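**Student:** Let me give you the structure first, and then I'll get to my questions.
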Amino acid sequence: MSPPNIRVFEDPRELARAAARMFAEEAARSIREKGRFAVALAGGSTPKALYELLAVEYRDTLDWSKVHAFFGDERCVPPDHEDSNYRMAREALLSRVPVGSVHRMRGELAPPEAAALYEEELTSFFGGPPGLDLVLLGIGEDGHTASLFPRTPALGAHDRWAVENPVEKLGTTRLTLTVPAINAARATIFLVSGESKAKALKEILEGNADPREYPAKLIRPSGTLAWVIEREAASLLCSST
């Protein structure tokens, strides 16, 4: 694994602009070298700003027909539900650019069925184990990423690509890519903003806690890893400038 690239920006808008440039660069490289770009999208407000920017400023500069959108995680809700990551990504980006294909997690199905179907979709698309070109991630105040929450069963999934993950503290089950699926990506970008994330971010990047308590620490991709961080979220980092 390459050492992480940590970049700090003054505000969420600057963060979104930097992330959009990085997204476009990864897309152009993958399309040039492989003829397609497979990206796992994230949910949340920070990625939403990125998607809206891509839909406007990069609509005519990327070959969207060669972009294939996957998802890092999903809530167990229908695709038109207000909590659906797919719905957010569709409204902010996917309905506004001519993407080649969209592969959503079917949150309206029973979680084990939805996870098994997503694994099948991944292996069918990639012709074997998934090899995403880019995975976009965030972190929660508890150190989770995607829907890999502290001390949940999905953290122990070593021979699966997508699983259903019961999250007891939320009283729900989520669908998520596994650690091996994420770590196989060519590039991974964490997008982090907000002062509420500062404590978890410091532990993830500089602390010694058990990774099962801060699952984002388990993301050690074979490809490149970048942290794109807003100033308030980086406020506790020793490396923050």
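The values are calculated or read from the model by the stated rules, or taken from the named source; none is laboratory data. Given the structure is predicted, the values throughout are model-derived calculations rather than measurements. As a convention, Cβ positions derive from the backbone with ideal geometry for all residues, glycine included, and neighbour counts pool all protein chains shown.
**Student:** Of the conditions (1) in a strand (DSSP E or B); (2) free of Cβ contacts under 8 Å to residues at least 12 places away in the same chain, Glu82 clears all except one; give me its number.
**Tutor:** Unmet condition: (1).
**Student:** Looking at Ala18, Ala38, Ala55, which one is more than 29 Å from Leu170 (Cα to Cα), surrounded by 15 or more Cβ atoms within 10 Å (Cβ to Cβ) and in contact with a His (Cβ under 6 Å, 6 or more places away or on another chain)?
**Tutor:** From the options Ala18, Ala38, Ala55, the qualifying one is Ala38.
**Student:** Right, here's the next one. Assess whether Ala162 counts as being under 26 Å from Tyr51 (Cβ atoms), hydrophobic (A, V, I, L, M, F, W, C) and surrounded by fewer than 23 Cβ atoms within 10 Å (Cβ to Cβ).
**Tutor:** Judged against the criteria, Ala162 is not a match.
**Student:** Taking only pairs six or more apart or across chains, which ones have beta-carbon atoms under 7 Å, a first residue in the range 89-109 that is over 19 Å from Pro47 (Cβ atoms), and a second residue that is among the aliphatic types (A, V, I, L, M) and part of a strand (DSSP E or B)?
**Tutor:** If the second residue must be among the aliphatic types (A, V, I, L, M) and part of a strand (DSSP E or B), the pairs left are Gly100/Val67.
**Student:** Within the group Gly107, Gly131, which residue is in contact with a Cys (Cβ under 7 Å, 6 or more places away or on another chain) and assigned to a loop (DSSP other than H, G, I, E, B)?
**Tutor:** Gly107
**Student:** Moving on to the next point. So which strands (runs of 3 or more DSSP E) are wholly in the range 24-76 and hold at least 1 residues that are at pLDDT below 95 and more than 13 Å from Leu94 (Cβ to Cβ)?
**Tutor:** By residue number, no strands (runs of 3 or more DSSP E) qualify.
**Student:** Would you please list the contacts, defined by Cβ atoms under 6 Å and residues six or more apart or on different chains, that run from a residue in the range 36-48 that is in contact (Cβ under 8 Å) with a residue 40 or more places away in the chain to a residue that is polar (S, T, N, Q)?
**Tutor:** Within 6 Å, the pairs are Phe37/Ser30; Gly43/Asn85; Thr46/Ser193.
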